[in-house]
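Read the structure below first, then the notes.
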Amino acid sequence: MATPILSVESVEAGYGEVRVLHGVSLHIAAGGITALLGSNGAGKTTLLRAIAGLLPASGGRVAYRGTSLHGVPASARVDQGIVLVPEGRLIFGDFTVEENLLAGAFCARARSRRAETLEEMYARFPMLRQRRRQMGGTLSGGQQQILAIARGLMSRPALLLLDEPSLGLAPMMVAELFAVVRDIRDAGITVLIVEQNVRATLELADDGFVLETGRITLRGSASALLGDDAVRQAYLGL
Ligand SMILES: Nc1ncnc2c1ncn2[C@@H]1O[C@H](COP(=O)(O)OP(=O)(O)OP(=O)(O)O)[C@@H](O)[C@H]1O
Ligand SMILES: [Mg+2]
């Protein structure tokens, strides 16, 4: 493959004495959607946090476009184009929709273009324009998730990390959310998505990885994973 946009090489990470990731390696080519699958507690969120720089790796290497991110703080990673939309959304409930969006454009690279990017977000998500003066906390769960993703896009990412975006959403909102993820990929942004909604995710994704208790146990094209017996048994209930 050409230089991957993201390389994770033998990464170890955890919390205090507890090691969660045991030598995780994966490479992601620019431009596609990669699914990261795994059971509860497998370490998916931990891996995304290590990539985003919110948790230090105690071993191994994370490289972005071929350059090590060792010692690069989370805010500088955002500036380089790596943006995490965290599990649980974490929007600001007492800020308006617009204030939430503008808060996403904090890095230097995005700040100078934030009026333009805000307009792009309103064009892409008319619901957010309609509700621009509404407090974030008054939105429905699905609307909050769209807001969280749009806030991430305000940083003009090249690599978007999505942690369980469909969690707790009504089925109709889930379909809408997956359409949003597809549009983001089609706009040229590389997506790494963690999801429990395995079938829909593999139908959307280009490639995928399975993480089990801190180790990658399977990798392949999304269509191959969708047909894999172990994936079907563990994640699709077949
Ligand atoms: N802040 C923390 N302090 C201590 N241990 C933690 C912390 N966060 C997560 N862990 C532990 O690390 C392990 C991996 O957690 P992680 O959140 O990465 O899993 P996950 O794959 O994202 O799971 P889920 O599907 O439930 O979101 C779990 O055993 C969890 O209990
Ligand atoms: Mg998680």
Legend entry - Shape category assigned to the range 192-238 from the gyration tensor of Cα positions, a/c cut at 1.5: rounded
Inset, instruction - Report the label-to-label distance for ALA224 and HIS22 in nanometres (one decimal), using points 7 Å from each Cα along the Cα→Cβ vector. - result: 2.4 nm
Inset, instruction - Report the convex hull volume per residue for the range 108-212, counting only C-alpha atoms, in Å³. - result: 122 Å³
Legend entry - Inter-label distance for ALA123 and GLU212, nm, one decimal - labels placed 7 Å from Cα along Cα-to-Cβ: 4.7 nm
Legend entry - Phi-based couplings in Hz for the range 23-29 (Karplus 6.51, -1.76, 1.60; Gly and Pro marked x): x, 8, 10, 7, 10, 10, 6
Inset, instruction - Place a +1 charge on the Cβ of each Lys and Arg in the range 30-166 and a -1 charge on the Cβ of each Asp and Glu, then give the dipole magnitude about the Cα centre in debye, rounded to the nearest 20. - result: 240 debye
Legend entry - Share of carbon and sulfur in the accessible heavy-atom surface of the chain [1.4 Å probe, %]: 52 percent
Legend entry - Vicinal HN-Hα couplings computed from phi for the range 211-220 (Karplus, 6.51 cos²θ - 1.76 cosθ + 1.60; Hz; Gly/Pro x): 10, 10, 5, x, 10, 6, 10, 8, 8, x
Legend entry - Backbone N under 14 Å from the SER140 label point (7 Å along Cα→Cβ), restricted to the range 174-188: 174-177
Inset, instruction - Would you compute, from DSSP H runs of 4+ residues alone, the mean residue ellipticity of the chain at 222 nm, taking -39500 (n - 2.57) per run and dividing by the full residue count, rounded to the nearest 500? - result: -10500 deg cm²/dmol
Inset, instruction - Report the relative contact order of the range 1-101, percent, no decimals, based on alpha-carbon pairs under 8 angstrom and at least 6 residues apart. - result: 29 percent
Legend entry - Viscosity 1.567 mPa s, temperature 4 °C, Stokes-Einstein D of the range 122-165 from Kirkwood C-alpha radius, µm²/s: 116 µm²/s
Inset, instruction - Return the distance in nm (one decimal) between the two label points of a simple spin-label model at ALA2 and ALA187, each offset 7 Å from Cα along Cα→Cβ. - result: 2.1 nm
Legend entry - Dipole moment magnitude, nearest 20 debye, the chain about Cα centre, only Lys, Arg, Asp, Glu C-beta charged: 540 debye
Legend entry - Leading residue at positive end of dipole, the range 193-238 (Cβ point charges), from ALA205, LEU225, GLY237: GLY237
Inset, instruction - Mind putting a number on the dipole of the range 131-238 about its Cα centre? Charges go on the C-beta only, +1 for Lys and Arg and -1 for Asp and Glu, and I need it in Debye to the nearest 20. - result: 540 debye
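The values are calculated or read from the model by the stated rules, or taken from the named source; none is laboratory data. Just so we're clear, the structure is a prediction, and the values are computed from it rather than from any experiment. As a convention, Cβ positions derive from the backbone with ideal geometry for all residues, glycine included, and neighbour counts pool all protein chains shown. For the accessible areas, the whole protein counts, side chains as well, though only heavy atoms, and no ligand, DNA or RNA atoms are used. Shrake-Rupley method; radii C 1.70, N 1.55, O 1.52, S 1.80 Å.
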